[in-house]
Amino acid sequence: MNLGFGRSYLAIPGPSVVPDRVLRAMHRASPNIYGGALVEMAETIYPDLNAVARSSGKVAIYIGNGHAVWEASLSNILSRGDRVLVPATGNFGLGFAEAAQGLGADVSVIDFGRRAAIDMNRLEDALKRDRDHRIKAVLAVHTDTATSVRNDIAAMRGVLDALGHPALLVADCIASLACDRFEMDAWGADVMISASQKGLMMPPGLGFVWFNDRADAQHRNADLVTPYWNWTSRTDGGDFWRKFHGTPPAQQLYGLRESLDMILHEEGLENVWQRHHALASAMWAALEAWGQDGVIEMNIADPAIRSHAVTTVRIGADRGPALRRWVEENAGVTLGIGLGMATDEDPASDGVFRIAHMGHVNAHMVLGVLGVIDAGLKALGISHGSGAVERAAELIAGV
Ligand SMILES: *Cc1c(COP(=O)(O)O)cnc(C)c1O
């Protein structure tokens, strides 16, 4: 018998679940784009984007996904041949490095593997060797969505400052914004990028680049930027069309207005962070219980460096695809695939799956996902420790 009919749940780390009211806010005829209600509404989005990033700088909005803002951010601050340093902790750090390479930067990667956070001592050593300050930017992924490791952006600022190194600190918060605490000003990120389809609870289609005055000063001497990507015309208060360098994404802006209202003006950003922490903790408690017999294991052992938005799980290459298939076909839940976790024995990263708990997610969704994974483990005869869902329920009961 198939119990997968009913509402499906895409529990992958982006696109995340879009609230019905955000969908409804976008469901409208195209408005006048030259003036009036759309233009007035759009003005209210910029201060709220700064509030969600804890930034007092500027923010440019692009029609694009995460890959687009990788290039948007880099093209605004670099010149051809500039050196950048990328301490990578998974597939997305490596992807950011590739974007820099593709734009003509001279990229050095410090690869911390797939199960560890950025080590500040190794970062310090690499920056110390750069005596003549040829490195113009350090590119860091806050949460690497492939490994589910969370890096310490404030500590990276500390390393740069202690050495007096002037490189810009660029943070990719695509998977962490509005999920994990992030404080752009206080933590000293000069540039931060994010996109609409994760913690911001929107469909893919909008990308964002926040930048401070230091980054803007470097921008003025950088030569990679082209007119479309230039953040100046998008943020200098000129004509409305210049904010998007063309037709504005009108419906998407209405959706974003709604999601920012939910995050900032209804639940509150601190509460959003706490909810993600509580739900992540419940998820981890269940995974620990399942892992008692050793088959299931969280990719990141230390909870202090785990993302609160996504959890990467190791289960063995012969079991991962079967479990993902079972929960999708029999229970209506789609789990994330392994990304960039290939080994010689597991060339397709089959032994890894990911559970998203980002954005518009509450206790019943987390308990539901855990419950159907538990059912799948039983149906497939995959050995697992007992009491996992109960442990998660106990944690949620104690919140
Ligand atoms: C999702 C993600 C990206 C890529 O975003 P796309 O919209 O798929 O291009 C980049 N970095 C991180 C950390 C992400 O989570």
The number of residues in region 138-153 that are within 10 Å of the ligand (Cβ to nearest atom) and among the charged types (D, E, K, R) is 1
Those residues of region 1-19 which are assigned to a loop (DSSP other than H, G, I, E, B), touching a residue at least 12 places away in the same chain (Cβ under 8 Å) and either surrounded by fewer than 19 Cβ atoms within 10 Å (Cβ to Cβ) or β-branched (Val, Ile, Thr) (or both) amount to ASN2, LEU3, GLY4, PHE5, GLY6, ARG7, SER8, ILE12, VAL17, VAL18, PRO19
Note on region 26-72: residues hydroxyl-bearing (Ser, Thr, Tyr) and either buried (at least 17 other Cβ atoms within 10 Å of the Cβ) or closer than 15 Å to PHE244 by Cβ (or both) are SER30, TYR34, TYR46, SER55, TYR62
Looking across region 159-174 at residues that are in a loop (DSSP other than H, G, I, E, B) and closer than 28 Å to PRO204 by Cα, the single one that is nearest to the ligand (Cβ to nearest atom) is ILE174
Does ASP185 qualify as being assigned to a helix (DSSP H, G or I), out of contact with any Phe, Trp or Tyr (no Cβ under 9 Å at 6 or more places or on another chain), in contact (Cβ under 8 Å) with a residue 60 or more places away in the chain and not polar (S, T, N, Q)?
yes
*Would you call GLY371 small (Gly, Ala, Ser) and assigned to a helix (DSSP H, G or I)?*
yes
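What residue, of LEU123, LEU139, LEU177, is assigned by TED's automatic domain parsing to the domain that holds PHE211, among the aliphatic types (A, V, I, L, M) and in a helix (DSSP H, G or I)?
Of the residues listed, the single one that is assigned by TED's automatic domain parsing to the domain that holds PHE211, among the aliphatic types (A, V, I, L, M) and in a helix (DSSP H, G or I) is LEU123.
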Any residue at all in region 47-63 that's within 14 Å of the ligand (Cβ to nearest atom) and assigned by TED's automatic domain parsing to the domain that holds SER148? yes
When every residue in region 89-120 that is surrounded by fewer than 21 Cβ atoms within 10 Å (Cβ to Cβ) and part of a loop (DSSP other than H, G, I, E, B) is compared, the one nearest to the ligand (Cβ to nearest atom) is ALA117
Exactly one of VAL22, VAL52, VAL86, VAL59 is closer than 30 Å to VAL159 by Cβ, in a helix (DSSP H, G or I) and touching a Ser or Thr at 6+ places or on another chain (Cβ under 9 Å), and that residue is VAL52
Exercise. Condition test on GLY359, is it within 23 Å of LEU3 (Cα to Cα), touching a residue at least 60 places away in the same chain (Cβ under 8 Å) and out of contact with any helix residue (DSSP H, G or I) (no Cβ under 8 Å at 6 or more places or on another chain)?
Worked result: no
Residue hits (region 375-384; in contact (Cβ under 8 Å) with a residue 60 or more places away in the chain and either part of a helix (DSSP H, G or I) or surrounded by 18 or more Cβ atoms within 10 Å (Cβ to Cβ) (or both)) are LEU377, ILE382, HIS384
Among the residues of region 73-88, the number that are among the β-branched types (Val, Ile, Thr) and either farther than 16 Å from ARG134 by Cα or surrounded by fewer than 23 Cβ atoms within 10 Å (Cβ to Cβ) (or both) is 0
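Name the residue, out of TRP241, TRP284, that is more than 16 Å from the ligand (Cβ to nearest atom), free of Cβ contacts under 8 Å to residues at least 40 places away in the same chain and farther than 17 Å from PRO19 by Cβ.
The unique qualifying residue is TRP284.
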Taking region 311-329 and keeping only residues that are under 26 Å from ALA278 (Cβ atoms) and either without any contact (Cβ under 8 Å) to a residue 24 or more places away in the chain or under 24 Å from the mean Cα position of the chain (by Cα) (or both), one is left with THR311, THR312, VAL313, ARG314, ILE315, ARG324
Does ALA25 satisfy being of a type in the set (A, V, I, L, M, F, W, C), in contact with a helix residue (DSSP H, G or I) (Cβ under 6 Å, 6 or more places away or on another chain) and in contact (Cβ under 8 Å) with a residue 12 or more places away in the chain?
yes
Note: among MET201, MET156, MET192, MET184, just one is in contact with a Gly (Cβ under 6 Å, 6 or more places away or on another chain) and more than 10 Å from the ligand (Cβ to nearest atom), namely MET201
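The values are calculated or read from the model by the stated rules, or taken from the named source; none is laboratory data. This one's a predicted model, so the numbers in the text were calculated from it and none came from an experiment. Every residue, glycine as well, gets a Cβ built from its backbone with ideal geometry; the counts of neighbours run over all protein chains shown.
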